[in-house]
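Nothing in this text is a laboratory measurement; each read-out follows from the coordinates by a stated rule. Because the structure is predicted, anything quoted here is derived from the model rather than measured. When we count neighbours, we look across all protein chains shown, and the Cβ atoms used for this are built from the backbone with ideal geometry, even at glycine.
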Amino acid sequence: MLLAIDTSAGTSVALVDRDAGVLAERVSPDPRGHAEIVGSLIRECLDESGVAVTALSGVAVGMGPGPFTGLRVGIAAARAFAFGAGKPVVPVVSHDAIAFGLVVPTLVVTDARRREVYWSTYSGTDAEGLPVRVSGPALCKPAELEGVVPDFAAYERLDASVVSAASIGLLAEGLYLHKRPFAGDEALYLRSPDVTMSAGPKRVS
């Protein structure tokens, strides 16, 4: 049984079980304000499901791609909750969760802000029902998609404004069941953050 969180687009939280399915889910499509609501959504899902924190086996979290400010909120919340509960964090690629259950070749597109988009392509699902990513995640201007996506015409385009945390959790359960690798521990920002550390101490005149 997993608590699942994603803030790569909107904010989504869910409680899922491999056998029972989705026990509770809360979604806010607002692309901002993640920090203000993620805690409340976690509490609402726990209350609705009636699941004790001790009954959880881990915390699944979407690692992006996503904008720096929003994405780090969900990852920080997942890590903090997991640490407090003594449970492992299970990282999942957010685009893979969007493609979870889709059997046709699909181009997944999400908003990267700054007049850019994130994209990934999928050929469908494998024998275990897990998404097969062909290329991406990557970043480009919307007008550049047709030129940069390999075999662009072969895919049905899917623009997602929010990533379902239920899909994050169920995908994580499937990856674990079939001994597939999870995502890496590093968030998929795909661009440098706005704020960088200076090379040395600031000179004082």
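Once you put a point 7 Å from the Cα of Arg43 and another 7 Å from the Cα of Arg157, both along the Cβ direction, what distance in nm separates them?
The two pseudo-label positions are separated by 4.1 nm.
For His34, His95, His178, what ranking results if the residue with the fewest other Cβ atoms within 10 Å of its Cβ goes first? Mind dumping the intermediate values first?
Values: His34 26, His95 31, His178 12.
Fewest-to-most Cβ neighbours within 10 Å comes out as His178, His34, His95.
What number comes out for the charge environment of Leu177, summing +1 per Lys or Arg and -1 per Asp or Glu over other residues with Cβ under 14 Å away? Present the calculation step by step, with values, prior to reporting the outcome.
Working: positive: Arg18, Lys179, Arg180; negative: Asp17, Asp19, Asp126, Glu128, Glu173.
Local net charge: -2.
Near Leu23, within a Cβ-to-Cβ distance under 10 Å, what is the net charge of the other residues, with Lys and Arg +1 and Asp and Glu -1?
Values: positive: none; negative: Asp17, Glu25, Glu48.
Taking every Cβ under 10 Å from that of Leu23, the sum is -3.
Have a look at Thr121, Thr110, Thr69 and tell me which one the Gaussian network model of the chain (Cα, springs below 10 Å) gives the largest fluctuation.
Residue with maximal mean-square fluctuation among Thr121, Thr110, Thr69: Thr69.
Most exposed first by the Cβ proxy, i.e. fewest other Cβ within 10 Å, how do Ile168, Ile37, Ile75 rank?
Numbers: Ile168 34, Ile37 18, Ile75 23.
Ascending Cβ contact count within 10 Å gives the list Ile37, Ile75, Ile168.
Return the percentage of antiparallel bridges among DSSP beta bridges fully within region 2-177, rounded to the nearest 5 %.
Percent antiparallel among DSSP bridges in region 2-177 is about 65.
Kirkwood hydrodynamic radius (Cα pairs, Å) of the chain?
Details: mean 1/r = 0.0575 Å⁻¹.
Answer for the chain: a Kirkwood hydrodynamic radius of 17.4 Å.
Where does the chain land at 222 nm, in deg cm²/dmol rounded to the nearest 500, when only DSSP H runs of n ≥ 4 count, each adding -39500 (n - 2.57), divided by all residues? Walk me through the intermediate numbers first.
On the way: 5 runs with 57 residues, N = 205.
Calculated from helices alone, the mean residue ellipticity at 222 nm is -8500 deg cm²/dmol.
Looking at the chain as a GNM with Cα springs under 10 Å, which of Ser164, Ser94, Ser123 has the largest mean-square fluctuation?
Top of the fluctuation ranking is Ser123.
Using a Gaussian network model of the chain with C-alpha springs under 10 Å, which one of Tyr122, Tyr189, Tyr155 is most mobile by mean-square fluctuation?
Taking springs between Cα atoms under 10 Å, the residue moving most is Tyr155.
In debye to the nearest 20, how big a dipole does region 2-177 give about its Cα centre with +1 on each Lys and Arg Cβ and -1 on each Asp and Glu Cβ?
On the way: 13 positive and 20 negative charges, 123 e Å.
For region 2-177, the charge dipole is close to 600 debye.
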